[in-house]
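Structure first, then comments.
What follows is calculated from the coordinates using simple rules that are stated; it is not laboratory data. From a predicted model like this one, the values you see are computed outputs, not experimental measurements. Note that we place each Cβ from the backbone using ideal geometry, even for glycine, and neighbour counts take in every protein chain shown.
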Amino acid sequence: MKKALAICRRDLGIMFGGPLAWTLIGAFTFLSGYFFYSDLTFYVLFGGGGLPTGLWRYVFLHYRLVAMLVVPLVTMRLLAEERKLGTLELMWSLPVRDREVLGGKFLAAAIVYVIMLAGTAVGPAVLFVLHPFAVGPVLAGYLGMVLLGFGFIACGLAASAIAENQVVSAMLTYGVIVFLWFASTNEAAIGEGVAWIVVGLSLFDRFSGFAQGVVDLRDVVFFAAFAALFLFLALQTLGARAWRGVA
């Protein structure tokens, strides 16, 4: 655990010591703020409580889109850059387990992501002061965002373990995420026989309940299993590379 925390601190120092983390946090905050303002304006101008779905559904579905765009840029360098610089091979020469390396890097990316999400809470907080509302649906939406983001991070780590450079890592992550998004919205193209499987595995369909203020334990377990699966794949990839002596 101590070694994983040390790796986490090291990665956070690298990310915040340069422009990467600050730029991504700024982009995430700007895009989320824009969507919050536009959704609130739409909600007020076009009927408010008379609309078939509430404000927070619009807000969190747009936050989901921002996370999909930004998170792969957080994870793309975590292992691919280590390999490029030769520091990953150096780690394998030290008494550090692959799971500790992976755990530290996942934790570092998760901290950056949570900081991003914390920035988006300013808009709802200001709105609450001006016009109090039930906080339950908002908390459910943020729980969904945390689980979704952790799934994206795990996917990005697996891609970064496979890829030889940051761009390929990001593109692999985008590929998996976009496939899971569009496959579940185009059931006719994939056939009825497998459509129910794809829909059942869709991160985005699972997230819809959280966006509407509903916390289903089955969805929580699904997100945890999804993240665990990709972390397992990343761990196996690291182990295979170490066994072959590839860096």
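Sticking with the crude label model, points 7 Å out along Cα→Cβ, report the distance from Val220 to Thr23 in nm, one decimal please.
Here the modelled spin labels are 3.8 nm apart.
Based on other C-beta atoms within 10 Å, arrange Ser32, Ser208 from fewest to most. Please list the in-between numbers first.
Working: Ser32 25, Ser208 16.
Sorted ascending by nearby Cβ count, the order is Ser208, Ser32.
Tell me, Phe207, Phe16 in order of fewest to most beta-carbon neighbours within 10 Å? All intermediate terms of the calculation are to be shown ahead of the outcome.
Numbers: Phe207 23, Phe16 16.
Final ranking by Cβ density, sparse to dense: Phe16, Phe207.
Using per-residue counts of other Cβ atoms within 10 Å, averaged over each peptide, order 225-235, 210-220 from highest down.
Numbers: 225-235: 18.1, 210-220: 16.3.
Order by mean packing, descending: 225-235, 210-220.
How do Tyr58, Tyr113, Tyr63 line up, fewest other C-beta atoms within 10 Å first? Write down the numbers at each step before the final one.
Values: Tyr58 19, Tyr113 25, Tyr63 28.
Going from least to most buried by this count: Tyr58, Tyr113, Tyr63.
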